[in-house]
Amino acid sequence: MQLAYNDDHRMLSETLERFVTREYAFETRDAAANSETGYSPGLWSQFAELGIIGALFDEEAGGFGGSGADIALVFEGIGKGIVAEPFHAVLRGGTCLAAGNDAQRALLENVIAGESLVTLACCEAGSDYVADQVGMTATRDGDGWVLDGSKIAVPFGGVADTIVVSARTSGDTRDRKGISLFVVPRSAAGISGNTFLNVDGGASADLAFEQVRVGDDALLGNADDGYAILDAALNRGLLALSAESLGVMTVTADMTVDYLRERKQFGVHIGSFQALQHRIVEVIIAIEQARSAVANAASALDENEKTAARTLSAAKYTTGHTGRRTAEEAIQMFGGNGMIWEVPVAHYAKRLVMIDHELGDEDFHLQRYIALGDA
Amino acid sequence: MDLTFTPDELEFRDEVRDFLKDNLDPDLADRVRNFAHLSREDYEGWHEVLNKKGWLAPHWPVEYGGTGWDVVRRFIFDDECNRAFAPRVVPFGLNMLAPVLIRYGTEAQKEYYLPRILDGKDFWCQGYSEPGAGSDLASLKCAAVREGDHYIVNGQKTWTTLGHYANRMFVLVRTSSEGKRQQGISFLLVDMESPGVEVRPLITLDGRHEVNEVFFTDVRVPVDNLVGEENRGWDCAKYLLTYERTNSANVGASYAALGRLKALGATRTRNGRPLAEDPLFAARLARVEIELDNMSTTNLRVIASVAEGAAPGTESSILKILGTEIPQEISNLARMAMGPEARALRDESSTDRKLTRDDRAALNYFNLRKLTIFAGSNEIQKNIIAKMMLGL
C-alpha cells in the first residue's frame, strides 16, 4: 500500500497549521474577515512568504506544487482556521492565468508573490451554478474587444487587481463553444462594482462591465474556446472547497466533542447522554467518509475529464451534505452558546453551510454526478 | 491522498483472480449471486478448494497453516472472493475459534482441533447469545457445574447460525455467580453429538433456516474441553469479538450488489422509461454509490494504517456501521426496483426457470436487516465509539 502524501506535503501541512494556530487566532480572523476589504493584506503577504500560495500552482506556472494533494492539503489547513483570505479567488483566477500567454503568466507570478490579487468572474444573475450560461458579451472592435454585461458574487471582486472574466463571443446562452476568457485590470474604464461582505466573512462583489475596451492581448487562450480552461479552474475550485469543508468540519466536530465533555446539565456532562452520543458519532463517521471523498477527488483531479468531474462532484456533494449536518448538530449541541457571535463554533458552522453556496450545492452536484454517470 | 497498491500487490491480486477463475465452480458462484440456499456440502466443498491451495486460513500464524499474508493481501483476497461471488468462508471455526485456541488453548487442544478445522472434519458453530442475553452478553445464564472430570451443562443458546450443520459448538457458560458477572463465565468446547444437546430450527422472517435454538439438558463435557481458565472465559469472548469485527466492511460484496442493482435500473421501467432515468431512483442510487466509493477509501485508509503498525481500534466499529448500512440500502433499492413483482413469494418448485437474485429481492432485503443487529448491534458500536474514541 502506498500513500501519495510525501514529506514535502507533511511539511507544508505543518507549516500552515502552525501559522494559522499562532497568527490567525479567532480574534484576528474575526477582525480581518469582517473588515472593509474582507481580508488582511498583512497576513496575506505572510501566507505568500510561507509559500502557501505557490503550493497551489505547478512549476511551469511559477509555483512549486499544484497537484491534487497540494490543493487538498492547503485548503484543509485553511478550513481548520476558517481562513477568509482570498485563496479561492487566486486559485480559480490563477489557474486560468496559468493557461494564458507570457504576459498573463507574469501576472500570476505577482499573485504568487502576494503582490497582487486575481479573481475569476463567471457567475451571472440567473446562471445559478452553471458556468456555460454566459450572457455577457465581447464584441470585436478594431484590434481589440468591447465587454458588456455583468457578473455577480465575484470573490474579492472589489479589491482584486486583475479579473479573469467569461464572455460570449459567439453562440447561444448555453453553448460551450463561443465562451471566451478575458484578463482585465480591475481599474479598466467602464467597470463598476458593488462590494459586500459575505455572511461567513470575506468579501465579494457584483461587477458591471459597460463598454469596457480591452486589447487583443486581453484574450486568454483562443476566442470561443475558453470553456475548457474555465472548467479546469472550476474543477480545482471544487476540490479546494471540498477540502476546506473537511478542515472546517473536523474542527467543528472537535469543538463539539470538547463541549459535550465540559458542559454540565442535571449534574452530569451532557456527553453522558446517549441521545447526544449517537448523534455525534454519526457526524464523526460521516466526516470520515468526507475525508475519503476528498482523498478520492484529490487523486482523480488529473485523471480523464469525466472521471475527474464525477469524483469531484461526489466530493462536493458529500462535503456539502455532511457540512450542513455537522454545522446544525454543532449549534444544537452547543445550545444557546452556539448562537453567539463571540463563540468560534458559530463561525465554523456559518462557513460550512456557505461553502454549499459556492460552485454548486449538494443537490446540484448529485445531479451532475448522475448526469456524468455510466448507468 | 491517494492509496494505491504496489506492483507486488497488484500481481497478487491477479494471482487471486486467476485462482478464482480456475477453481470457483460457476454454478456455485451463480447460486451465491442469486441468493440460493447453500448446503453444508457447498460450504465444505469451497473450504476444501481453498485448503488444497493453502488459502483457507490466511490470518493464522504460518506454523498452524496460515499464509503469512499481511493485512493488505488479506484484504485483496477477501475482496476478490466477494466480487467473484464465492461462498463466504464459514467463520466460526476459522476466524473465531481458531484465534482463541491459538491464544488461550492448551497444546493438546491446538494439535487436535486446528487441523480438523482446516480439513473439514469439524464444522463449528457459536454458542454466545441466549434469549435473555443479546447485546448484554454478560448476563448469560447457561450453566456448567463441575462434577469430577466433567462439566454438566444446562441451559439454552439462540441465534445459532448454521447450528444444524455443525458437529461442534464453542459455548460461553456460567461457572460462577459470584463477583462481577463477567468473572463467572467460562469458554467450553461441546460435541453436538453428546446426549442432551437438542437443535431446533428458528425460521427467520424470510422463511429461511439459517439460525437455531440449542438446548442443553445435563450435557456432559470433559474438563479437557475448557479453553483458558475457569471463570476467565470473558477474556476469550472479548478477544474473539475483535476478530469477528474485522473485515466487516465487505466492500467487494457491496460493489457486486451495486452492479446488479444498476443492471436492474436499466431493465426495469417506471412511467414508461427505464427506471435508471427516474430522477428519484437515480438520486437514491447515486447517494449509495457515493457512500460506497467513500467507504471503499475509508476501508483502505484503515488497512494502510494497520499495515503501518497501528492497532485496529474503533475504526472497526466505524466500518461495521458503514459496512452494514450500505448493503441494507442497496437491498432496499433492489426491492423497490422490482415494483409489484417483489411481493410474489416464489419457490423453485413452482416455476420451471431458475430463480434469480431479483426474484428474491424482497426476501433478501428482509434477510439483511440482520446486519445492523448481529456482531454487536450498530447502537453498541456507537456506544463503543463514543466511549473509546471520543471519551464521552
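The values are calculated or read from the model by the stated rules, or taken from the named source; none is laboratory data. These numbers come from a predicted model, not from an experiment. Backbone-built Cβ (ideal geometry, glycine too); neighbour counts: all protein chains shown.
Quick notes on this one:
- A:G237 being at pLDDT 95 or above, assigned to a helix (DSSP H, G or I) and more than 12 Å from chain B (Cβ to nearest Cβ): yes
- Number of the condition not met by B:L3 [criteria: (1) within 14 Å of chain A (Cβ to nearest Cβ); (2) without any contact (Cβ under 8 Å) to a residue 12 or more places away in the chain]: (2)
One line per residue, one yes/no per condition, for (1) farther than 17 Å from A:L239 by Cα; (2) not in a helix (DSSP H, G or I):
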position: A:G63; (1), (2): yes, yes
position: A:G79; (1), (2): no, no
position: A:I82; (1), (2): no, yes
position: A:L91; (1), (2): no, no
position: A:G100; (1), (2): yes, yes
position: A:L107; (1), (2): yes, no
position: A:L120; (1), (2): no, yes
position: A:S127; (1), (2): yes, yes
position: A:W145; (1), (2): yes, yes
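Let's see how each residue does on (1) closer than 30 Å to B:G127 by Cα; (2) modelled with pLDDT of 85 or more; (3) within 10 Å of chain A (Cβ to nearest Cβ):
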site: B:R245; (1), (2), (3): yes, no, no
site: B:S248; (1), (2), (3): yes, no, no
site: B:S254; (1), (2), (3): yes, yes, no
site: B:G265; (1), (2), (3): no, yes, yes
site: B:D293; (1), (2), (3): no, yes, yes
site: B:T297; (1), (2), (3): no, yes, yes
site: B:L300; (1), (2), (3): no, yes, yes
site: B:E308; (1), (2), (3): no, no, yes
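- The set of residues from the range A:134-162 being surrounded by fewer than 19 Cβ atoms within 10 Å (Cβ to Cβ) and farther than 25 Å from A:G202 by Cα comprises A:G135, A:T137, A:T139, A:R140, A:D141, A:G142, A:D143, A:G144, A:V146, A:D148.
- Some residue of the range B:249-265 being in a loop (DSSP other than H, G, I, E, B), surrounded by 19 or more Cβ atoms within 10 Å (Cβ to Cβ) and in contact (Cβ under 8 Å) with a residue 60 or more places away in the chain: yes
- Of all residues making up the range A:286-314, the number that are more than 9 Å from chain B (Cβ to nearest Cβ), part of a helix (DSSP H, G or I) and among the hydrophobic types (A, V, I, L, M, F, W, C): 6
- Test: residue in the range B:12-27 that is in contact (Cβ under 8 Å) with a residue 40 or more places away in the chain, closer than 30 Å to A:D302 by Cα and within 14 Å of chain A (Cβ to nearest Cβ): yes
- From the list A:F182, A:F196, A:F209, the lone residue that is out of contact with any helix residue (DSSP H, G or I) (no Cβ under 6 Å at 6 or more places or on another chain), farther than 30 Å from A:G79 by Cα and of a type in the set (F, W, Y) is A:F209.
- Residue match in the range A:320-342 (condition: within 15 Å of the chain's Cα centre (by Cα) and within 12 Å of another protein chain (Cβ to nearest Cβ)): yes
- Considered as a group, the residues in the range A:315-347 that are aliphatic (A, V, I, L, M) and assigned to a helix (DSSP H, G or I) include one that is farthest from A:K264 (Cα to Cα), and that residue is A:A315.
- Once the range B:61-101 is narrowed to residues that are among the small types (G, A, S) and assigned to a helix (DSSP H, G or I), the residue that is nearest to B:W124 (Cα to Cα) is B:G93.
- Inter-residue pairs, beta-carbon under 7 Å, first under 15 Å from A:L260 (Cα atoms) and at the interface with chain A (Cβ under 9 Å from one of its Cβ atoms) and in the range B:375-388, second of a type in the set (G, A, S) and crowded, with 19+ Cβ neighbours inside 10 Å, 6+ apart: B:I385/B:S317
- Residues in the range B:107-128 that are in contact (Cβ under 8 Å) with a residue 24 or more places away in the chain, in a loop (DSSP other than H, G, I, E, B) and surrounded by fewer than 19 Cβ atoms within 10 Å (Cβ to Cβ): B:D119, B:G120.
- Total residues in the range A:176-227, condition buried (at least 16 other Cβ atoms within 10 Å of the Cβ) and in a loop (DSSP other than H, G, I, E, B): 11
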